[in-house]
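Engineer: Below you'll find the structure I mean.
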Amino acid sequence: MENKKFFDESSRYIMNTYNRYPVMLRKGRGIKVWGSDGSEYLDFVGGVAVNILGHCHPRVVVAIQKQAQRLIHVSNYYYIEPQIRLAKLLVTHSFADKVFFCNSGAEANEAAIKLARKYSKEHCGPDRFEIIAAKNSFHGRTLATLTATGQEKFQHGFEPLMPGFSHVPFSDMDALKKAVTGSTCAVLLEPIQGEGGVRLPGEDYLKEVRKFCDEHNLLLIFDEVQTGMGRTGKLFAHEHYGIVPDIMTLAKGLGGGVPIGAMLATEKVASSFQPGNHASTFGGNPLVCAAAVATIETILEDGFILDQCNRMSKYFIERLDELKTKLPHIIREVRGKGLLIGMELKREGDPVVRACLEKGMLINCAAGNVLRFVPPLILQRKDIDQLVEVLNGILSRLS
Ligand SMILES: Cc1ncc(COP(=O)(O)O)c(C=O)c1O
């Protein structure tokens, strides 16, 4: 009854931009969350790849509590200690020399697009502004990032879109080569496509893209909003492919649950941004940066979290592959890296998501028919076993 009141008030007061499941989550610990009616769930959605250390990780909670007592927000007109510590950590553990902080993945990509344009105009000429992105990609919901996103379903109704973007099939080197024009300034890619249905690049694709960008004086931007912060078993997904970008964007897992985005770049590229070129009131504020410092330090400590992610990934994929062998008429493919795992069905995924919810499992569906699993990296075998048992029951009943 109490829930019905909240659901009604939600419809009444909140804009209708989400199809919500009939659950209100009130409490979380580790991989578990509890609804307001007391029901318990194992969370394989993790706030859509955000809760990298699980819900309410003690180190993140303490960092937030301590920072909240000291200082929550000040303007970027002043130096901010947790922001400096976070930038130093990110630079120390990545290819990058400089960081710009913002509040979300879309904003991080906006910053990347602006920096790429500015750098290219300054270094390669006034007509260099076009960015080549991939079909099936997802880069955000602001107008520029929506235009960069290679999925028409998100763009419909918001035209005219921004000029200066084109799209090629993901992992198709020939198509990329053909798409370059005299106006091209950068290539923007997710190293592994997330929202597009957990799609991995071919073995050498990203290496070839890097080489091609170097040969043609193009910037390479990696959107690691979903794949970053250990999600794929390395701190950044591009590390699997032996190359580095010129610009990288992060958000989701970066703050362990608090809203923060970051755009990282090499010194050479970053130096095109000067005071006044770009800004964000909340970007890099003390509270979110303190949470992000605690998150990164925990991920990096002894490599424990990344080891756990890789071990659980192997086991998870093996268990899902067993299901695929048993149910080849339902399951087309299991794929992924680290704990970004997709199971492509030969049918719609949403009924399976709903059936899982009823059995206490939060999962999500991307691209219509790909069940996506992006749980906290602290996942354990018993959690995977429970999910696979539930999936087995649900999928076996489908004809
Ligand atoms: C790869 C990628 N880029 C950008 C975004 C947009 O991030 P946000 O929703 O924080 O703006 C997402 C969100 O799903 C994403 O997966």
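The values are calculated or read from the model by the stated rules, or taken from the named source; none is laboratory data. Model, not experiment: these values are computed from the prediction. All Cβ positions, glycine included, derive from the backbone under ideal geometry; neighbour counts span all protein chains shown. For the accessible areas, the whole protein counts, side chains as well, though only heavy atoms, and no ligand, DNA or RNA atoms are used. Shrake-Rupley method; radii C 1.70, N 1.55, O 1.52, S 1.80 Å.
Engineer: If N is the number of residues in segment 210-273, what value comes out of its Cα radius of gyration divided by 2.2 N^0.38 Å?
Structural biologist: Relative to the 2.2 N^0.38 Å estimate, segment 210-273 comes out at 1.18.
Engineer: Please compute the per residue accessible area over the chain with all protein chains in place, 1.4 Å probe, rounded to a whole number of Å².
Structural biologist: Heavy-atom SASA per residue in the chain reads 46 Å².
Engineer: Continuing with this model, one more query. Any idea what angle helix 286-300 forms with the longest principal axis of the chain, computed on alpha-carbon atoms, 0 to 90 degrees, nearest 10?
Structural biologist: 70
Engineer: If you consider only alpha-carbon coordinates, what radius of gyration and Dmax does segment 1-77 have, in Å?
Structural biologist: Rg, Dmax (Cα atoms, Å): 16.1, 49.
Engineer: A further question on this structure: Which residue, Leu71, Leu89, Leu254, has the most motion in a Gaussian network model of the chain that connects Cα atoms within less than 10 Å?
Structural biologist: Its mean-square fluctuation being the largest, the pick is Leu71.
Engineer: Right, something else. Give the lysines reachable from Lys114 as a straight Cα distance under 29 Å; neighbours fewer than 8 places away on the same chain don't count.
Structural biologist: List returned: Lys88, Lys98, Lys135, Lys153, Lys177, Lys178, Lys207, Lys211, Lys234, Lys252, Lys268.
Engineer: Tell me the angle of helix 58-70 to the major Cα principal axis of the chain, expressed in degrees between 0 and 90 and rounded to the nearest ten.
Structural biologist: Orientation of helix 58-70: about 60 degrees from the principal axis.
Engineer: Output the 0 to 90 degree angle, nearest 10, between the alpha-carbon long axis of helix 105-124 and the longest principal axis computed from the alpha carbons of the chain.
Structural biologist: 20
Engineer: Which one of Arg311, Arg20, Arg372 has the biggest mean-square fluctuation once the chain is modelled by GNM with Cα springs under 10 Å?
Structural biologist: Highest fluctuation among the options: Arg20.
Engineer: Pull up the DSSP beta bridges for the chain and report the antiparallel fraction as a percent, rounded to 5.
Structural biologist: The antiparallel proportion sits near 65 percent.
Engineer: Of Ala175, Ala87, Ala237, which has the largest mean-square fluctuation in a 10 Å C-alpha GNM of the chain?
Structural biologist: Ala175
Engineer: Which of the chymotrypsin sites (Phe, Trp or Tyr not before Pro) found in segment 1-68 are loop residues per DSSP with 10 or fewer other Cβ atoms within 10 Å of their Cβ?
Structural biologist: Tyr18
Engineer: How large is the convex hull of the Cα atoms of segment 216-321 per residue, expressed in Å³ as a whole number?
Structural biologist: Cα-based convex hull of segment 216-321, divided per residue, equals 132 Å³.
Engineer: Where does the chain land at 222 nm, in deg cm²/dmol rounded to the nearest 500, when only DSSP H runs of n ≥ 4 count, each adding -39500 (n - 2.57), divided by all residues?
Structural biologist: My calculation for the chain gives -12000 deg cm²/dmol from helical runs alone.
Engineer: OK, next. Taking the Kirkwood radius as the inverse of the mean 1/r across Cα pairs, report the Rg/Rh of segment 30-164.
Structural biologist: A ratio of 1.05.
Engineer: How much of the accessible area of segment 303-399, in percent, comes from carbon and sulfur atoms when a 1.4 Å probe is used?
Structural biologist: 48
Engineer: Same structure, new question: Place a label point 7 angstrom from the Cα of Arg141 along the Cα-to-Cβ direction, then list the residues of segment 85-119 whose backbone nitrogen is under 18 Å away.
Structural biologist: Output list for this probe position: 103-111.
Engineer: Under 12 Å from the Cα of Lys121, which aspartates and glutamates turn up, not counting those fewer than eight places away in the same chain?
Structural biologist: List returned: Glu130.
Engineer: If only Cα atoms are counted, what is the Rg of the chain, and what is its Dmax, in Å?
Structural biologist: That works out to 21.1, 64 Å for Rg and Dmax.
Engineer: Assuming a strict under-17 Å limit between Cα atoms, what lysine pair count do you get for segment 291-399 once near-sequence pairs (fewer than 8 apart, same chain) are dropped?
Structural biologist: 6
Engineer: A further question on this structure: Can you pull out the chymotrypsin sites (Phe, Trp or Tyr not before Pro) in segment 65-105 whose DSSP state is coil and whose Cβ has at most 15 other Cβ atoms within 10 Å?
Structural biologist: For chymotrypsin sites (Phe, Trp or Tyr not before Pro) across segment 65-105 that sit outside H, G, I, E and B with at most 15 neighbouring Cβ atoms in 10 Å, the list reads Tyr77, Tyr78, Tyr79.
Engineer: Per-residue counts of other Cβ atoms within 10 Å, averaged by peptide: what ranking do you get for 318-330, 134-146, highest first?
Structural biologist: 134-146, 318-330
Engineer: I've got another one for you. Please report the carbon-and-sulfur percent of the accessible area for segment 36-178; probe 1.4 Å, protein heavy atoms only, DNA, RNA and ligands left out.
Structural biologist: Carbon with sulfur: 56 percent of the solvent-accessible area.
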